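Right, one structure below, let's go through it.
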Amino acid sequence: MTPDDTTANEVAINEARIDHAAETVGVDRGALADALVVFHPELLGRHSEFESEPYVTVDGTRAYRVSESAVDELLADFDFGEEVTAAVKLAHTEQAELLFADAVQGDDDFDTDECGLVVGIDTAEQF
């Protein structure tokens with residue numbers, strides 16, 4: 001298992017989404033991976049706040065569709081910098097869109113003011 005695999009497993013976002021977000025936003029992949037690992041515990045601790053939002057569960061990962069302002073509020077507690085923050089949002093949203101597309105009841109057509117958040121449900125349910 002590579003360090004990239006470890007990061008993807010830790011944060012429930014696949015390597016391709018992490019790579020794509022880093023490349024699209026123009027940030028170092030390592031900086032994005034570090035930010036995702038730091039941000040993930042916040043999601044674990046607060047995922048129940050999003051249970052009233054649309055969500056799907058696919059293969060042990062839960063994806064929420066939430067307002068961009070809710071994600072911005074969560075990320076405001078971190079000092080990732082503007083570009084890394086944008087890459088974190090992009091990685092989460094793209095992974096959530098994929099999970100919504102895979103789910104039978106999911107609608108992966110996110111509005112421009114919506115973002116995705118993903119969290120491993122097995123881990124989240126322990127909290």
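The values are calculated or read from the model by the stated rules, or taken from the named source; none is laboratory data. It should be emphasised that the depicted structure is a prediction, and the values quoted were computed from it without experimental measurement. Note that we place each Cβ from the backbone using ideal geometry, even for glycine, and neighbour counts take in every protein chain shown.
Going through the range 1-57 one residue at a time, which ones are of a type in the set (D, E, K, R), outside any helix (DSSP H, G or I) and at pLDDT 95 or above?
The answer is D28, and nothing else.
Mind checking which pairs have a first residue in the range 9-35 that is farther than 15 Å from L98 by Cα and of a type in the set (D, E, K, R) and a second that is at pLDDT below 95 and surrounded by 15 or more Cβ atoms within 10 Å (Cβ to Cβ), Cβ under 7 Å, 6 or more apart or different chains?
E10/H40
Look through Y55, Y64 and report the one residue that is touching a strand residue (DSSP E or B) at 6+ places or on another chain (Cβ under 7 Å) and under 12 Å from H92 (Cα atoms).
On inspection, the qualifying residue turns out to be Y64.
Is it the case that G60 is in contact with a helix residue (DSSP H, G or I) (Cβ under 6 Å, 6 or more places away or on another chain) and at pLDDT below 90?
yes
Exactly one condition in (1) basic (K, R); (2) part of a helix (DSSP H, G or I); (3) more than 24 Å from A31 (Cα to Cα) is false for R65; which is it?
Every condition holds for R65 apart from (2).
Can you find, within the range 84-107, the residue that is farthest from D34 (Cα to Cα) among those that are in contact (Cβ under 8 Å) with a residue 12 or more places away in the chain, part of a helix (DSSP H, G or I) and out of contact with any helix residue (DSSP H, G or I) (no Cβ under 7 Å at 6 or more places or on another chain)?
D102
Confirm whether V71 is closer than 15 Å to G116 by Cβ, in a strand (DSSP E or B) and either free of Cβ contacts under 8 Å to residues at least 60 places away in the same chain or touching a Pro at 6+ places or on another chain (Cβ under 6 Å) (or both).
no
Report, by residue number, each residue of the range 87-111 that is among the charged types (D, E, K, R), buried (at least 18 other Cβ atoms within 10 Å of the Cβ) and at pLDDT below 95.
Scanning the range 87-111 gives a single hit, E97.
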